[in-house]
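A short write-up of the structure that comes next.
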Amino acid sequence: MKKHVMILGAGFGGLELATRLSQSVPDLVDITLIDKSDSFMFGFSKLDVMFGRRQTSEVKHSYDKMDKASLTFRQETVLSINAGARQVVTDRGSYQPDILVVALGADYDTAATPGLDEDGYEFYSPAGAERAREVLEAFAGGTVIVGVLGGMFKCPGAPNETALMVDGYLSRRGLRESSTIQLISPLPMPIPISKKTSDAIAGILEDHGIVYSPSTRVTRLDPLTHKAHLTDGRELPYDLFLAIPVHCAPEVVLASDLAEDGWIPVDPATFATRYSGVYAVGDVTSAPVPRAGGIAEGEAATVAEVLIAELTGGPSAPPYDGASACYVELGDDLVGRIDVNFLSYDTPVAKFTSPTHQLFEEKQAWGATRVARWFDR
């Protein structure tokens with residue numbers, strides 16, 4: 001008899017897990033993939049939208065295009081999760097799968113930073129990227145602040161590439177000389193696990209005239225004075241504030257029996273939760289790795305191997321190694337790459353490959369490969 005595998009969330013983790021199970025053990029599973037959205041968008045595509053390089057409709061990948069063995073996609077909103085009973089309730093039904101995998105990602109709490117909704121622009125959501133594009137198009141020059149508002153956020157390289165892409169965007173519009181760009185982050189350096197990599201990125205920021213302020217955070221924006229208040233006591237004026245908002249687990253996760261200290265604790269080797277037959281991957285967990293698409297993909301690959309071994313009676317899957325690569329866009333079709341490994345050595349390691357046009361092409365191929373695998377194109 002087939003096992004019913006239910007995956008909540010069709011991001012990097014959910015798509016990779018569904019694809020691997022469909023390819024490897026279609027005769028042993030019935031897979032239900034649930035997401036409240038009708039389509040997937042890469043995180044880096046939001047920057048394409050934000051800076052006017054592509055329209056949102058061009059970078060969305062519709063879930064109804066998937067045609068995989070033993071896989072059913074349902075566009076539904078998850079209302080409750082009872083992991084102990086392995087029960088899921090959505091706006092369209094109730095389910096009790098044999099195996100449950102939570103891959104719902106992280107939500108954004110703009111209200112956690114007073115003044116942000118009134119006087120700033122988050123650009124991490126598709127709608128936020130579109131709003132940021134509109135304000136950038138109307139921007140006539142001045143002080144731009146790119147602010148990271150929480151200590152945990154998706155894609156550690158994103159703040160740096162955003163600041164550098166603002167630099168390129170303003171330069172193309174002839175506004176760079178009349179503008180200043182500041183990058184504010186609570187992280188002590190761009191890539192905390194590697195001083196050498198961080199020094200390289202900080203040097204690139206400096207070369208582009210971007211003022212970088214690490215180890216501090218914006219606590220609130222004042223819509224009347226257009227000033228950002230920082231934890232280090234400074235008050236910085238701005239004409240445009242672009243925000244990476246505070247991240248949090250989805251409310252349905254926080255209300256469930258899975259959450260602990262705001263996230264889902266997992267075994268970092270297998271991504272099993274404390275409940276039998278229940279796993280979690282990606283941004284929704286408290287695993288000791290960064291939140292990033294490539295990381296979530298690797299976690300899902302591990303869960304797939306764990307489940308395949310269980311279903312087939314094969315040898316145990318190797319533990320997750322925490323290895324991934326991250327592409328960092330620096331404008332002008334230049335892309336750098338950061339190769340990281342968080343769990344294979346005594347301490348995490350990272351290597352930075354300097355930006356080239358060749359890596360820009362490699363990044364495009366990286367995305368195209370995943371579209372082909374996940375959406376059968």
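Residue under question is Ser24, and the condition is that it be of a type in the set (Ser, Thr, Tyr), in contact with a helix residue (DSSP H, G or I) (Cβ under 9 Å, 6 or more places away or on another chain) and closer than 30 Å to Phe360 by Cβ; does it hold? Answer is no for this residue.
Inspect the range 193-204 for any residue being outside any helix (DSSP H, G or I) and either assigned by TED's automatic domain parsing to the domain that holds Glu235 or under 26 Å from Ala129 (Cα atoms) (or both) and give the result as yes or no. Yes, some residue in the range 193-204 is outside any helix (DSSP H, G or I) and either assigned by TED's automatic domain parsing to the domain that holds Glu235 or under 26 Å from Ala129 (Cα atoms) (or both). The criterion of being assigned by TED's automatic domain parsing to the domain that holds Val101 and either within 30 Å of Lys68 (Cβ to Cβ) or touching a residue at least 40 places away in the same chain (Cβ under 8 Å) (or both) holds for Ile295. Please determine, by comparing only the residues of the range 155-176 that are outside any helix (DSSP H, G or I) and modelled with pLDDT of 95 or more, which one is surrounded by the most Cβ atoms within 10 Å (Cβ to Cβ). Among residues in the range 155-176 that are outside any helix (DSSP H, G or I) and modelled with pLDDT of 95 or more, the one surrounded by the most Cβ atoms within 10 Å (Cβ to Cβ) is Arg176.
If you go through the range 21-38 and pick out every residue that is of a type in the set (Asp, Glu) and either surrounded by 15 or more Cβ atoms within 10 Å (Cβ to Cβ) or not assigned by TED's automatic domain parsing to the domain that holds Asp67 (or both), you end up with 2. Would you be able to say whether some residue in the range 218-237 is part of a loop (DSSP other than H, G, I, E, B), closer than 30 Å to Glu16 by Cβ, of a type in the set (A, V, I, L, M) and more than 18 Å from the chain's Cα centre (by Cα)? No, the range 218-237 contains no residue that is part of a loop (DSSP other than H, G, I, E, B), closer than 30 Å to Glu16 by Cβ, of a type in the set (A, V, I, L, M) and more than 18 Å from the chain's Cα centre (by Cα). None of Glu130, Glu134, Glu118 is surrounded by fewer than 18 Cβ atoms within 10 Å (Cβ to Cβ), acidic (Asp, Glu) and in contact with a helix residue (DSSP H, G or I) (Cβ under 7 Å, 6 or more places away or on another chain) except Glu130. In the range 332-377, the residue that is modelled with the lowest pLDDT out of those that are of a type in the set (Phe, Trp, Tyr) and not in a helix (DSSP H, G or I) is Tyr345. Only residues that are over 18 Å from Asp109 (Cα atoms) and touching a residue at least 40 places away in the same chain (Cβ under 8 Å) were counted in the range 232-253, giving 5. Of the set (1) closer than 23 Å to Phe271 by Cα; (2) of a type in the set (A, V, I, L, M); (3) buried (at least 20 other Cβ atoms within 10 Å of the Cβ), all apply to Ala85 but (3). Note on the range 315-336: among residues that are within 14 Å of Ala301 (Cα to Cα) and touching a residue at least 24 places away in the same chain (Cβ under 8 Å), the one that is farthest from the chain's Cα centre (by Cα) is Ala317.
Among the residues of the range 295-331, those identified as in a helix (DSSP H, G or I) and either polar (S, T, N, Q) or under 20 Å from Leu164 (Cβ atoms) (or both) are Thr302, Thr312.
The sole residue among Ala272, Ala323, Ala255 that is surrounded by fewer than 17 Cβ atoms within 10 Å (Cβ to Cβ) and modelled with pLDDT under 95 is Ala323. Inclusion of Asp232 among residues that are of a type in the set (D, E, K, R) and out of contact with any Lys or Arg (no Cβ under 9 Å at 6 or more places or on another chain) is not warranted. As for the range 186-209, it holds no residue that is at positive phi and buried (at least 18 other Cβ atoms within 10 Å of the Cβ). Val281 meets each of the listed conditions (1) closer than 18 Å to Leu47 by Cβ; (2) among the aliphatic types (A, V, I, L, M); (3) in contact with a Phe, Trp or Tyr (Cβ under 7 Å, 6 or more places away or on another chain) apart from (1).
In a residue-by-residue description of the range 47-58, the property of being within 19 Å of Val253 (Cα to Cα) and among the aliphatic types (A, V, I, L, M) applies to no position.
Tally time: how many residues in the range 1-59 are among the hydroxyl-bearing types (Ser, Thr, Tyr) and under 14 Å from the mean Cα position of the chain (by Cα)?
The qualifying residues number 1.
Within this structure, Asp283 fails the test of being under 29 Å from Leu28 (Cβ atoms), surrounded by fewer than 21 Cβ atoms within 10 Å (Cβ to Cβ) and either outside the structural domain of Gly157 (by TED's automatic domain parsing) or of a type in the set (Lys, Arg) (or both).
The values are calculated or read from the model by the stated rules, or taken from the named source; none is laboratory data. In this text, all values refer to a predicted model and were calculated from it rather than measured experimentally. Cβ sites come from the backbone with ideal geometry, for glycine too, and all protein chains shown count toward neighbours.
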